[in-house]
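Colleague: Please see the structure below; I have some questions.
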Amino acid sequence: MNDFSNPTVKFYRHSGKTSLLGIILIGIMGCIGVPILGLLYGVLMRVIPFIYINGFLVLGYVFVVGSILAYIAKYGKIRNMILLGLTAFFIGLLADYAGWVGWLTVMAGSPLFLIEFFLPTDIIYFITQVAKEGAWTISGTTPTGGILYFLWFLEAFAVVGGIVYVTVTDLAKTPFCEDSDRWADKRTQIGAFTPISNMSQFRQEIKQGNLSAFNSLKPSRPEDRHFTTLVLYECEHCRNFFVLNVEDVRLVTNSKGKTEAKVKRVLSNLMLTPFQLAGLKRLAPPESASPG
């Protein structure tokens, strides 16, 4: 049994700092990269006549733009998630707008129409004209007016919301070691344990400084489909910065017969000292620790 008597408990949160390099790189992506990608997206959406493929194009566009923004934000060491989210939101609006310009350019049949990119009121006018006639037909029906506007709203929501989600999600949960000035993105799973019977009580005890609550964890069996995992983030540079998440995992079989993991966060961003981490690692068999 490990002694975690009366430790000082701290929980990690992003510092809110950013860097000039990060701001510059995000600005370049927003002013140059996104318009180019958006125009290409709009062209593909117009020239490919299959509405179902268009749905995959939307998802692909969101993933590409969001992933690039997330990479830039990570490279630029942006730790202000509110600023990053707002930036991703406005870039998402630009991404949707650029898609419209590309789409309308194909419809106009002349690359000279691209000049309309700088005339948003004209773009809005052309959109309203298209809405009167309809843009495409599916199953013999051509949506127009309010129905078409609603479908376009759903697409815009998917593009803007998706870009914000993809951009922020990974960085929001990855700790940053301020002492080393780098992301603590080495992710390791410390064992698999039997489920925590009372999650709220466990969480409350930890928040009150009683890390001895971890002593109640017992190694699970390989065949168990419901278990608790300890997910550790650490800084590989200083090797003195550790952040722990506790997750409740259920393995379920979906309608296609495939196994899926349903994960519920029990505890987030608990900062550990090397001594406390060593104690936790003793709770699990050595071979159970593996990269997450």
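The values are calculated or read from the model by the stated rules, or taken from the named source; none is laboratory data. Remember, it's a predicted structure, so these values are computed and weren't measured experimentally. No Cβ is skipped: glycine too gets one built from the backbone with ideal geometry, and neighbour counts run over all protein chains shown. Keep in mind that these areas ignore ligands, DNA and RNA; they rest on the heavy atoms of the full protein, side chains included. Shrake-Rupley method; radii C 1.70, N 1.55, O 1.52, S 1.80 Å.
Colleague: Considering the range 160-208 alone, what residues qualify as being over 16 Å from the mean Cα position of the chain (by Cα), part of a loop (DSSP other than H, G, I, E, B), closer than 21 Å to K74 by Cβ and not aliphatic (A, V, I, L, M)?
Modeller: E178, D179, S180, D181
Colleague: Kindly list the number of the only condition in (1) within 21 Å of I36 (Cα to Cα); (2) in contact with a Gly (Cβ under 7 Å, 6 or more places away or on another chain); (3) open to solvent by 30 Å² or more (accessible area, probe 1.4 Å) that fails for G99.
Modeller: Tallying (1) within 21 Å of I36 (Cα to Cα); (2) in contact with a Gly (Cβ under 7 Å, 6 or more places away or on another chain); (3) open to solvent by 30 Å² or more (accessible area, probe 1.4 Å), G99 fails exactly one: (3).
Colleague: Taking the condition of being among the charged types (D, E, K, R) and closer than 19 Å to S268 by Cβ, how many residues in the range 205-234 meet it? It would help to see each step written out before you state the result.
Modeller: Let us first name the residues in the range 205-234 that are among the charged types (D, E, K, R), namely 205, 207, 218, 221, 223-225, 234.
Cutting the leftovers down to closer than 19 Å to S268 by Cβ gives us 205, 207, 234.
The qualifying residues number 3.
Colleague: Here is a follow-up. Quick one: count up the residues across the range 125-181 that are closer than 30 Å to S15 by Cα and of a type outside the set (F, W, Y).
Modeller: Number of matching residues: 22.
Colleague: Consider only pairs whose beta carbons are under 6 Å apart and that are at least six residues apart or on different chains; among these, list those whose first residue lies in the range 108-125 and is without any contact (Cβ under 8 Å) to a residue 12 or more places away in the chain and whose second residue is open to solvent by less than 70 Å² (accessible area, probe 1.4 Å) and charged (D, E, K, R).
Modeller: Short answer, once both residue conditions are applied: D122/E116.
Colleague: Which numbered condition trips up L37, out of (1) open to solvent by less than 40 Å² (accessible area, probe 1.4 Å); (2) modelled with pLDDT of 95 or more?
Modeller: In the conditions (1) open to solvent by less than 40 Å² (accessible area, probe 1.4 Å); (2) modelled with pLDDT of 95 or more, L37 misses (1) alone.
Colleague: L244: surrounded by 14 or more Cβ atoms within 10 Å (Cβ to Cβ), assigned to a strand (DSSP E or B) and either in contact with a helix residue (DSSP H, G or I) (Cβ under 7 Å, 6 or more places away or on another chain) or among the β-branched types (V, I, T) (or both), yes or no? Walk me through how you get there before you give the answer.
Modeller: Working: surrounded by 14 or more Cβ atoms within 10 Å (Cβ to Cβ): yes; assigned to a strand (DSSP E or B): yes; either in contact with a helix residue (DSSP H, G or I) (Cβ under 7 Å, 6 or more places away or on another chain) or among the β-branched types (V, I, T) (or both): no.
It is false that L244 is surrounded by 14 or more Cβ atoms within 10 Å (Cβ to Cβ), assigned to a strand (DSSP E or B) and either in contact with a helix residue (DSSP H, G or I) (Cβ under 7 Å, 6 or more places away or on another chain) or among the β-branched types (V, I, T) (or both).
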